[in-house]
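Asks: Starting off with a structure, shown below.
Laboratory data are not the source of any read-out in this text; all were calculated from the coordinates shown. Quantities reported herein were computed from a predicted structural model and do not represent experimental measurements. Note that each Cβ is placed from the backbone with ideal geometry, even for glycine, and that neighbours are counted across all protein chains shown.
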Amino acid sequence: MPDRPGPLTVLDTHVWIWVVEGDRTALSAPAIEAIERAAKGGAVRVSAISVWEVAMLEAKGRISLSRPVDDWVHAALHAPGVRLLPLSPEIAIGSTRLPGAPLGDPADRILMASARNLGGQLATCDREILDYSAGGQLKVLNCTP
């Protein structure tokens, strides 16, 4: 019997970068396995906001990618099992109506709303997002090593 891919998994921007760049030390082994399983099932999503974040980080010199950003994004979005998640009106509105006391960072709010909108989980190492998820308002895949 083949492995089930598990829930739809939205990759936080830093997780997406580390996965694509092959930085296996930045993520826990169980998280890597879960992301790989989700990818095999076509259940990995990358938000359009993450494309913007990667481009901004690269433009500001805060990250260095293994290839030019246009090529990097194209290849990363065409990896097996990965699909681009557009910023829909439902996600945009949902990011302004997250329950509890969510973070103020707009990109993080969009990522959280994206996972909630899909009924999936957000793969992250972000301590603030992990703390927020403890209230049950967001399903996460804790990728912290």
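Asks: Ranking Lys139, Lys60 by Cβ neighbours within 10 Å, fewest first, what do you get?
Replies: The most exposed by this proxy come first: Lys60, Lys139.
Asks: Ratio of alpha-carbon Rg to the 2.2 N^0.38 Å globular estimate for segment 9-142, to two decimals, please. Mind showing how you got there, number by number?
Replies: Details: Rg = 14.0 Å, N = 134, 2.2 N^0.38 = 14.1 Å.
Relative to the rule-of-thumb radius for its length, segment 9-142 sits at 0.99.
Asks: Further question on the same structure: By per-residue mean of other Cβ atoms within 10 Å, what is the highest-first order of 8-16, 42-50?
Replies: Output ranking for 8-16, 42-50: 8-16, 42-50.
Asks: Test of understanding: what is the full-extension gain from Ala101 to Leu77, defined as 0.36 nm times their sequence separation minus their Cα-Cα distance?
Replies: On the way: separation 24, 0.36 × 24 = 8.64 nm, distance 3.17 nm.
Working it through step by step, the gained length comes to 5.5 nm.
Asks: How many angstrom lie between the Cα centre of segment 20-67 and the Cα centre of segment 74-145?
Replies: Each part's Cα centre sits 13 Å from the other's.
Asks: What does the convex hull of the alpha-carbon atoms of segment 38-103 project to on average, in nm²?
Replies: Taking the Cα atoms of segment 38-103, their convex hull projects to 6.0 nm² on average.
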